[in-house]
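Just below is one structure, and these are the notes that go with it.
The values are calculated or read from the model by the stated rules, or taken from the named source; none is laboratory data. These figures come from a predicted structure and were not determined experimentally. Glycine gets a Cβ as well: all are built from the backbone with ideal geometry, and neighbour counts include every protein chain shown. All accessible areas refer to the heavy atoms of the entire protein, side chains included, with ligands and DNA or RNA removed. Shrake-Rupley method; radii C 1.70, N 1.55, O 1.52, S 1.80 Å.
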Amino acid sequence: MSTDSEVSGPGTPVPLLEPRDGLPPVVQDADALAEAIGRLASGHGPVAVDAERASGYRYGQRAYLVQLRRGGAGTMLIDPIACPDLSGVDAALRDAEAILHAASQDLPCLAEVGFRPRQLFDTELAGRLLGYPRVALGTLVEEILGFHLEKGHSAADWSVRPLREELLRYAALDVEVLIELRDALAAELAEQGKTEWARQEFAAALAAKPAAARADPWRRTSGIHRVQSRRGLAVVRELWMVRDRIAQAADLSPRRVLPDSAIIDAARALPTNPPQLSRISGFVGRQARRHEKEWLAAVTKARTSPDSDLPDAAGGPVPSGPPPAHRWAERDPAAAARLAAARAAVTAIAEANRLPVENLLAPDALRRLSWDPPQPADAAAVSLALSGYGARPWQVELTAGPLTEAMNAGEAEVEKPGDG
C-alpha cells in the first residue's frame, strides 16, 4: 500500500482494498465530531472531500455520509444525520482547498450541513480540461496513479443505518488517493498551460446555482421531448408537482412514487378516469395506486386550465432566446451560416487545445451569439457578448477573435436577397 507521498504508476493496476490507516470509526456524536474538527484544523494542505447520497431511495439530495482526508489528519467518516451541523468543519477548513470529483454533485448537499468550501479543485473538471476521454474517478485514478478503485457501491442506499462495513470501506477509499490525483492533475495542467483556465472553472463551479434552484424543474422530466402540446406539458407540470409533494412527505425518491415514464405517458394519453389511468403501466405500482385520486385530479386540472395558464412549449431559458437551430436555415439563412461557421471554428479550437467542445464554450452561448451578433461584429464586441453569456475570460480569449472572423465569413457567403 502506498503512503501519502508515494503512488503507483502506469502498468497493471494495483487494487485499493483497504484504507492505508485502517477503517476509521464513523463520527456520530458531538464529542467525536469535536475531535475530528481538531484533527482537521491541525492538518496541513488541501482536504479531499466526498459525500454519499441516497437520491435513488430518499427525497432530495441530502448527504448521508461525508468523507474527508487531509495530510496530518487522516481520513474521517462523518454521519451528517447524527451530526447535522458541520459548520465547525467549515471553520476548521476555511483556508484549505477542497478537492472533490464532480463537485457540482456534492457542493449543494455539503452546503446543507454547513460546509461551504472557499477554494476548489475538481478532479473531474481538471480531467476534462486536460482532454482525458473518460473522467470517472475510478478511470482517472487507474490511468494516472495506477490504482484500481472498486465502484460497485455508488448506487447503494446510504440512508440505511447502521452502514455496512463494506460500504464504509468503499467510502473511505474514495478519498484515499484524491490528494495524489489532484497533485498529478495540477502538474499536467501546468505543463499544458491550463492552470489559470482551471482556476477560473473551479471558481465558476463554486458560484454556480444548484440545479434544484432553477426555474421550472419539472421540465427536466425524462422523455419530456415526446410531449408536443402545451396542454400535455401542463399535465407533466401538474403530475410532477403532485409527485414531488407526495415524495417529500414520505421521504422517498420521486421516481419511487411514480416513474417519469408514467408522467410522460399520461401527458400523451390524457386519462379521464381510473380505468384509463390503470392502462398506463407506471400507475399500477403499489406507491402509485395509493394516490390514484391525486393523479386524476392533477390531469383534470391540466386538461381544464385556460390557455393563458398553460406552460410555454419552448421552455427556453429566457423568452428572447433564439429558436431551435434546425429552423434557422428557413427563417434566417445568414444566422444559419454564422452558426455553422462558428461551430466549425469552436471545434477546431477545442481540438487544437485538447478540450471537449462543451468545455470550451457553452452551446447556448454560441447559438445566441450567432442568432443575434453585436453590431458591428468585431472582436471587442464579440468578447463583450460572450462574457455576458457567462463565458470565462480564458474562453473569451481563445474564441472571440476566431469566432468573429468565422461568423463574418459565413455570413458573407450567403447571397443577400434584393430589396425588391
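Cβ-Cβ under 7 Å, sequence separation 6+ or interchain: first residue in the range 133-161 and open to solvent by 60 Å² or more (accessible area, probe 1.4 Å), partner charged (D, E, K, R). Which pairs?
His148/Glu142
Restricting attention to the range 348-365, report how many residues are within 20 Å of Gly127 (Cβ to Cβ), open to solvent by less than 60 Å² (accessible area, probe 1.4 Å) and of a type outside the set (A, V, I, L, M).
3
For the range 40-78: of the residues being part of a loop (DSSP other than H, G, I, E, B) and either aliphatic (A, V, I, L, M) or under 26 Å from Glu180 (Cβ atoms) (or both), which is nearest to the chain's Cα centre (by Cα)?
For the range 40-78, the residue satisfying everything is Ala54.
Which of the residues spanning the range 103-130 are crowded, with 17+ Cβ neighbours inside 10 Å and closer than 19 Å to Glu358 by Cβ?
Ala103, Asp122, Thr123, Glu124, Leu125, Ala126, Gly127, Arg128, Leu129, Leu130, listed by residue number.
Tell me which residues, restricted to the range 261-316, are within 17 Å of Arg231 (Cα to Cα), within 32 Å of the chain's Cα centre (by Cα), open to solvent by 60 Å² or more (accessible area, probe 1.4 Å) and not small (Gly, Ala, Ser).
Listed by number, the residues that qualify are Arg268, Asp309, Asp312.
Identify the residue in the range 366-379 that is open to solvent by less than 40 Å² (accessible area, probe 1.4 Å) and assigned to a helix (DSSP H, G or I) and, among all such residues, is nearest to Ala204 (Cα to Cα).
Leu366
Could you tell me which residue of the range 163-184 is nearest to the chain's Cα centre (by Cα), considering only residues that are free of Cβ contacts under 8 Å to residues at least 40 places away in the same chain and open to solvent by 50 Å² or more (accessible area, probe 1.4 Å)?
Here the residue is Asp183.
Just the residues that are crowded, with 21+ Cβ neighbours inside 10 Å and touching a residue at least 60 places away in the same chain (Cβ under 8 Å), please, taken from the range 55-68.
Tyr64, Leu65, Gln67, Leu68
Working only within the range 153-176, note down all residues that are under 17 Å from Glu124 (Cα atoms) and touching a strand residue (DSSP E or B) at 6+ places or on another chain (Cβ under 6 Å).
Answer for the range 153-176, where residues must be under 17 Å from Glu124 (Cα atoms) and touching a strand residue (DSSP E or B) at 6+ places or on another chain (Cβ under 6 Å): Asp174, Val175.
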